[in-house]
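See structure below.
The values are calculated or read from the model by the stated rules, or taken from the named source; none is laboratory data. Keep in mind it's a predicted model, so treat the numbers as computed, not measured. For neighbour counting, all protein chains shown are included, and Cβ atoms are generated from backbone atoms with ideal geometry for every residue, glycine included.
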């Protein structure tokens with residue numbers, strides 16, 4: 001008998017923990033994530049009814065999985081009979097897997113198929129993010145809505161539409177092999193990276209960081225590491241996120257204002273996450289996430305800001321420019337070069353980017369320029385650049401910080 | 001997502017002197033793999049006996065050292081796990097599964113604590 005709230009909490013926790021794997025297992029049978037989610041919900045309802053009376057089974061995950069799969073098989077049998085009555089060729093019952101046959105490896109395989117399905121390139125990136133957080137991360141639509149500052153019906157709509165798109169296109173429930181595998185994996189990694197980034201440097205709203213989203217992304221990356229240990233870029237992404245996350249607590253001050261890398265209290269960087277990141281980096285390769293992780297590791301290894309190996313960072317950004325060239329990467333390279341070789345060298349690279357249409361409206365271009373001008377002893381020009389940067393950001397915290405820097409540069413340059 | 005420290009407490013003086021059975025090791029290995037693959041386990045390790053440990057105390061301006069074994073308390077920390085979970089109920093569920101790996105003959109307890117500011 002469930003008598004205490006501890007026991008009912010435990011039931012809820014188990015249900016939540018098992019949810020993604022049940023969805024995955026059932027999807028393999030019914031080949032439709034939408035129907036799988038309904039069947040999983042049914043099984044959960046049964047569990048919440050039965051368990052308080054009979055006690056939680058020894059292996060609640062297996063119980064839920066078996067219950068949901070039985071329902072899935074019933075559904076297919078009904079469809080099969082119906083189709084046969086209509087004289088159509090029904091799906092053979094021999095194709096239906098037995099619900100008992102669920103060893104750990106098989107569950108892992110199903111979960112990985114679910115990850116690839118939720119991150120299918122057919123879907124918009126908003127849809128991929130919402131579906132991945134819902135089905136793999138086990139977040140509620142309410143939690144997703146809160147994290148992305150949109151309404152709950154918006155998220156619910158996104159998920160419903162995404163499921164419909166997948167069903168209509170009859171997207172196979174599989175881990176892709178062959179030529180499109182690497183593109184499909186990139187899509188999965190991108191979804192996790194976007195979730196992390198939205199938490200790490202919120203593009204809008206009042207909060208600069210939303211650590212909960214970072215943690216959800218990190219959990220997804222860790223799960224993926226377990227599911228695809230042979231993929232070096234998965235380890236690269238995990239390493240990158242662990243290392244970035246190690247600094248989350250120090251990226252904002254007591255009033256929520258941003259704190260620059262140079263000014264962060266490194267004693268408060270999370271050593272365990274750094275160690276995990278450096279460890280994951282050992283299994284990383286030479287793809288773009290791995291290179292970014294190597295850059296993050298340079299910062300993590302520097303006990304003081306002055307110890308940062310900027311020459312190495314500049315080199316790594318150079319490599320990143322070859323792998324996935326973008327003006328933002330080049331801007332970062334320019335900043336690293338300015339630290340390694342001096343502000344003049346950095347300014348030349350930044351100025352070469354000035355006309356790039358992709359950076360129009362990007363606040364960190366004028367901000368970097370302002371910083372370089374300040375260091376070159378041209379505070380008035382620097383101040384104007386910070387003001388321009390402030391006018392370009394939509395995040396209120398960033399705007400405040402940039403205006404403060406504008407005022408400071410225009411006033412006098414404080415010694416560092 | 002909060003982080004939790006689960007400290008495994010054992011009765012060192014009455015602990016079996018033999019190494020854990022292969023069966024226990026296999027169960028534990030499978031569970032640890034599951035916790036890790038769930039993206040939950042951040043760090044875990046067992047500790048060597050307290051006979052190899054030393055307690056250092058700063059009191060009244062003096063440092064004192066006490067070498068193990070620490071026999072004045074029945075239970076000592078024998079290992080730990082750091083987990084990142086959605087909430088305490090989830091951390092308790094994993095802790096429960098860990099304890100259940102052990103056979104029925106002995107006693108082992110876990111003290112679950114949330115890591116501050118995590």
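Under the condition of being away from chain A (no Cβ under 13 Å) and either surrounded by fewer than 20 Cβ atoms within 10 Å (Cβ to Cβ) or part of a loop (DSSP other than H, G, I, E, B) (or both), which residue from the stretch B:79-100 is nearest to the chain's Cα centre (by Cα)?
The qualifying residue nearest to the chain's Cα centre (by Cα) is B:79.
Answer with yes or no whether residue A:287 is surrounded by fewer than 24 Cβ atoms within 10 Å (Cβ to Cβ), under 15 Å from residue A:188 (Cβ atoms), away from every other protein chain (no Cβ under 14 Å) and touching a residue at least 12 places away in the same chain (Cβ under 8 Å). Talk me through it step by step, then tell me what you get.
Values: surrounded by fewer than 24 Cβ atoms within 10 Å (Cβ to Cβ): yes; under 15 Å from residue A:188 (Cβ atoms): yes; away from every other protein chain (no Cβ under 14 Å): yes; touching a residue at least 12 places away in the same chain (Cβ under 8 Å): yes.
So residue A:287 fits the description; yes.
Could you pull out the residue among A:125, A:182, A:151 that is in contact (Cβ under 8 Å) with a residue 12 or more places away in the chain, farther than 20 Å from residue A:26 by Cβ and loosely packed, with under 15 Cβ neighbours inside 10 Å?
A:125
Pick from A:319, A:276, A:219: which is away from chain B (no Cβ under 14 Å) and either within 16 Å of the chain's Cα centre (by Cα) or assigned to a helix (DSSP H, G or I) (or both)?
Sole residue among the options that is away from chain B (no Cβ under 14 Å) and either within 16 Å of the chain's Cα centre (by Cα) or assigned to a helix (DSSP H, G or I) (or both): A:319.
Any chance you could count how many residues in the stretch A:27-52 are without any contact (Cβ under 8 Å) to a residue 60 or more places away in the chain and more than 17 Å from residue A:164 (Cα to Cα)?
Final tally of qualifying residues: 13.
Using the structure shown, decide if residue A:117 is under 30 Å from residue A:177 (Cβ atoms), modelled with pLDDT of 85 or more, within 29 Å of the chain's Cα centre (by Cα) and surrounded by 16 or more Cβ atoms within 10 Å (Cβ to Cβ).
Working: under 30 Å from residue A:177 (Cβ atoms): yes; modelled with pLDDT of 85 or more: yes; within 29 Å of the chain's Cα centre (by Cα): yes; surrounded by 16 or more Cβ atoms within 10 Å (Cβ to Cβ): yes.
Against the criterion (under 30 Å from residue A:177 (Cβ atoms), modelled with pLDDT of 85 or more, within 29 Å of the chain's Cα centre (by Cα) and surrounded by 16 or more Cβ atoms within 10 Å (Cβ to Cβ)), residue A:117 qualifies.
Out of curiosity, is residue A:240 away from every other protein chain (no Cβ under 12 Å), under 18 Å from residue A:186 (Cα atoms) and crowded, with 17+ Cβ neighbours inside 10 Å?
Values: away from every other protein chain (no Cβ under 12 Å): yes; under 18 Å from residue A:186 (Cα atoms): yes; crowded, with 17+ Cβ neighbours inside 10 Å: yes.
Against the criterion (away from every other protein chain (no Cβ under 12 Å), under 18 Å from residue A:186 (Cα atoms) and crowded, with 17+ Cβ neighbours inside 10 Å), residue A:240 qualifies.
Considering (1) assigned to a helix (DSSP H, G or I); (2) under 23 Å from residue A:296 (Cβ atoms), say which one residue A:325 fails and leave the rest.
(1)
For residue A:56, indicate whether it is within 14 Å of chain B (Cβ to nearest Cβ), outside any helix (DSSP H, G or I), in contact (Cβ under 8 Å) with a residue 24 or more places away in the chain and within 28 Å of residue B:91 (Cβ to Cβ).
yes
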